[in-house]
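Each reported figure results from applying straightforward, stated rules to the coordinates on display, with no laboratory input. What you are looking at is a predicted structure, and each value in this text was computed from that prediction instead of being measured. All Cβ positions, even for glycine, are placed from backbone atoms using ideal geometry, and neighbour counts span all protein chains on display.
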Amino acid sequence: MAGRVSGPPRRRLRHSPWLYVAPALILLITFTYVPVGNMLFYSFHKWDGLDVTMDPAGLDNYVRVFTDERYWRVFLISLYYFIASFAQIAIALYFAVILSFNTRFRNLFKGILFFPYLLNGVAVGFVFLYLFQPDGTLDTVLRLIGLGEHTRLWLGDPDIANLSLAGTSVWRFTGLNFVLFLGAIQSIPGEIYEAAEIDGANRWHQFRHIIAPGIRRIISLSFILAISGSLAVFEIPFIMTGGANGTRTFVVQAYETAFQFRQIGLASAMAVVLLLIVLVMTWVQRRLLPDEEVNLS
Amino acid sequence: MRHVARTAKYASLVLASVVVLVPLVVVLFASLKTREEYSTSGPLTPPRNWFNVDNFVTAWSEGHMLRGFLNTTLILVVSLVGTVAVGTLAAYAINRFRFPFKRLILGLFLVAALVPGVTTQVATYQIVKSMGLVNTPWSAVVLFMGTDIISIYIFLQFMQSIPPSLDQAAMIDGASRFTIYRKVILPLMKPAIATVVIIKGIAIYNEFYIPFLYMRSPDLNVISTALFRFKGPYGAQWETIAACTMIVIIPTVVIFLLLQRFIYNGVTAGATK
């Protein structure tokens, strides 16, 4: 373990631990810490990204993020995705529990449920654009089962567009939660179930007293990730509606502000707010769920 | 009672499978239909000719999908080699050497894992621009390498399971630090490398935001952006867009069928770290 290096100077340089860490460290600082620092700096300025000078703007950008409806509205849009992630976690949990018991074609079902998570986001966007088209798959299926009068402009109607997009997001990400829950359930030793069965516990008891405590951590983690995940939604609305019909999310808005309207300062203020929310959430998570001692060095 | 529960269980599984598969299957149907057939038949009607690949030919050539796959492959290979090299070297040094500020560096990596990349793009763009990398494949490569903290995390955790006695034995035999890294550590890291290659590989294949933002030139299209930009000119020709979408999905299906078990393990390892 000892890292004492001796020998002639050239040899020492070549074997300096810094050389091994340097590439990772330089990348880390250049592409994470410098941007975070710059972003803070930009957020107090008015800048178009090209000008050599930046005008100081004090707190103007932050005031705008919280008072201009176009900017704070995007937080409300996140609520659709956040609420959808509850459905996502519930569906994932249900299937993880039933597939952890003996089931025919278990691997086939597991594969099918998980598979959407692996798909390319643009492809998922197009698949659902096609599904939601007027007279498309969804409308046809509704007519087929006698619900023909419920067809809507799934992506064109501002009242329902966000629900359609949030539904797409559930379709795409449920598989991840499902596999994580299933993994956690399966890491519970089988003897515990056997012992419980001998003691006369039924399936509900097994769920309540063995499975639920065993996966509490991963479920809480999923909820916390759902918060930051629902604030960071980008691909699905950007590809499917381009943010039209009231579907602009936080990141879509930040993207447009920065790269189409060239308001780097304002976009940075949005990003700083988002970053703070995510950091606070992570802090809350660490407080609520003290980690099993993680020690990496 | 048991019987009812059993039926309900299988019914729910079948229903879920239908919900997952139908959106994909109808796109496959559309991709195999002719123009005229597409406009006259419903989305749930199977194609008349299952071997009609005309739309695939059009999408492949007009969408320049070959170029997209080549660009994606190039970026994928370079970024993965880079990520593995950079990550294993750093994990080796942090785990095995003692040097000043080590805890600080470790802390920097751990805190960075909390910063979602999507939030900092506004400022990252200015940095990549000042390095002159915008509109080159290197922008994607450095960003895929540079913003990947999870890999280092996985490598660090795996390093702990490699007994130090192994490298000490090699050191007594006169091997240099670098030889130990290359001959002892790297081969033992194979399972961790496989995990990183799988989760990172899938993420890069699917990445849209970074290539869309940094590589605007059509010559630099990766498969995500090639597919996205294909829709513009072919806006209403859904049978062709469907074929282009299937071209992007099929490799994922193949990889999933071949590497199922590794993918489940990799994804679990990557998400819970």
Original post:
Along the Cα-to-Cβ line of B:Ser217, 7 Å from the Cα, sits a label point; which residues in the stretch B:105-145 have backbone N less than 12 Å from it?
Top reply: B:133-139
**OP:** Stick to the Cα atoms of the stretch A:65-154, pair each with every other, and give me the Kirkwood hydrodynamic radius in Å at one decimal.
**Re:** 16.6
**OP:** Please report B:Glu37, A:Glu197, A:Glu191 as a ranked list, fewest other C-beta atoms within 10 angstrom at the top and most at the bottom.
**Re:** A:Glu191, A:Glu197, B:Glu37
Original post:
So what J values fall out for the stretch B:251-258 if you push phi through Karplus, 6.51 cos²θ - 1.76 cosθ + 1.60 with θ = phi - 60°, rounded to Hz, Gly and Pro as x?
Top reply: x, 5, 4, 4, 4, 4, 5, 6
**OP:** Using a cut-off of 10 Å between beta-carbons, work out the net charge of the residues near B:Tyr181 (Lys and Arg +1, Asp and Glu -1, B:Tyr181 not included).
**Re:** +3
Subject >> Shielding score for B:21-28, defined as the mean number of other chain Cβ atoms within 10 Å >> reply: 5
Subject >> Theoretical FRET efficiency, 1/(1+(r/R0)^6), r = Cβ-Cβ of A:Leu279 and A:Asp159, R0 30 Å, to 0.05 >> reply: 0.30
**OP:** Under 11 Å from the Cβ of B:Trp238, count the other residues' Cβ atoms, weight Lys and Arg +1, Asp and Glu -1, and hand me the total.
**Re:** +2
Subject >> Percent of C-alpha pairs per 5 Å bin, chain A, short to long >> reply: 1, 5, 8, 10, 12, 12, 12, 11, 9, 8, 6, 3, 2, 1, 0, 0, 0
Original post:
So which lysines can A:Lys110 reach, going by Cα to Cα under 16 Å and dropping same-chain residues fewer than 8 places off?
Top reply: B:Lys9
**OP:** Sum -39500 (n - 2.57) across every DSSP H segment of at least 4 residues in the protein assembly as shown, then divide by the residue count to get the 222 nm mean residue ellipticity, nearest 500.
**Re:** -22000 deg cm²/dmol
Original post:
Who wins for biggest fluctuation among A:Leu142, A:Leu99, A:Leu165 in a Gaussian network model of chain A, springs between alpha carbons below 10 Å?
Top reply: A:Leu142
**OP:** Find the Rg to Rh ratio for the stretch A:182-297, where Rh is the Kirkwood radius over alpha-carbon pairs and Rg uses the same atoms.
**Re:** 1.20
Subject >> Selection from A:Met281, A:Val34, A:Ile236 lying farthest towards where the dipole of chain A points positive, charges on Cβ >> reply: A:Val34
Original post:
If you take the charge dipole of the stretch B:2-52 about its Cα centre, with +1 on Lys and Arg Cβ and -1 on Asp and Glu Cβ, which of B:Phe29, B:Val14, B:Gly42 is farthest toward its positive end?
Top reply: B:Val14
Subject >> Dipole magnitude (debye, nearest 20) for the stretch B:133-273, charges at Cβ of Lys, Arg, Asp, Glu >> reply: 100
Original post:
On the first, second and third principal axes, largest extent first, how far apart are the outermost C-alpha atoms of the stretch B:5-118 in Å?
Top reply: 72, 51, 23
Original post:
Where the only charges are on Cβ atoms (+1 Lys, Arg; -1 Asp, Glu), what is the dipole of the protein assembly as shown about its Cα centre, to the nearest 20 debye?
Top reply: 1780
Original post:
Among A:Phe261, A:Phe114, A:Phe207, which comes first, then next, by fewest other beta-carbon atoms within 10 Å?
Top reply: A:Phe261, A:Phe207, A:Phe114
Subject >> Calculated on alpha-carbon atoms, Rg and Dmax of chain B in Å >> reply: 23.6, 78
**OP:** With springs only between Cα atoms under 10 Å apart, run a GNM on chain A and tell me which of A:Arg70, A:Arg216, A:Arg287 wobbles the most.
**Re:** A:Arg287
Original post:
Helix B:137-146: angle to the longest alpha-carbon principal axis of chain B, degrees 0 to 90, nearest 10?
Top reply: 50
**OP:** Search the structure for amide H atoms under 5 Å from the amide H of A:Lys46, placed 1.01 Å from N in the peptide plane, and list their residues when 5 or more places away or on another chain.
**Re:** A:Asp55, A:Ala57
Original post:
For the stretch A:1-153, what is the charge dipole size about the Cα centre, in debye to the nearest 20, if Lys and Arg each add +1 at the Cβ and Asp and Glu each add -1 at the Cβ?
Top reply: 1280
Original post:
Toward the positive end of the charge dipole of the stretch B:38-111, about the Cα centre and with charges on Cβ (Lys, Arg +1; Asp, Glu -1), which of B:Ala90, B:His64, B:Ser79 goes farthest?
Top reply: B:Ala90
Original post:
If Lys and Arg each add +1 and Asp and Glu each add -1, what is the summed charge of the other residues whose beta carbon sits under 12 Å from the beta carbon of A:Lys46?
Top reply: -2
Subject >> Projected-area average for the stretch B:67-216 over all orientations - Cα convex hull basis, square nanometres >> reply: 10.0
**OP:** Using only Cα positions of the protein assembly as shown, each an equal point scatterer, no hydration layer, compute I(q)/I(0) via Debye at q = 0.05 Å⁻¹ and quote the log10 values to two decimals.
**Re:** -0.24
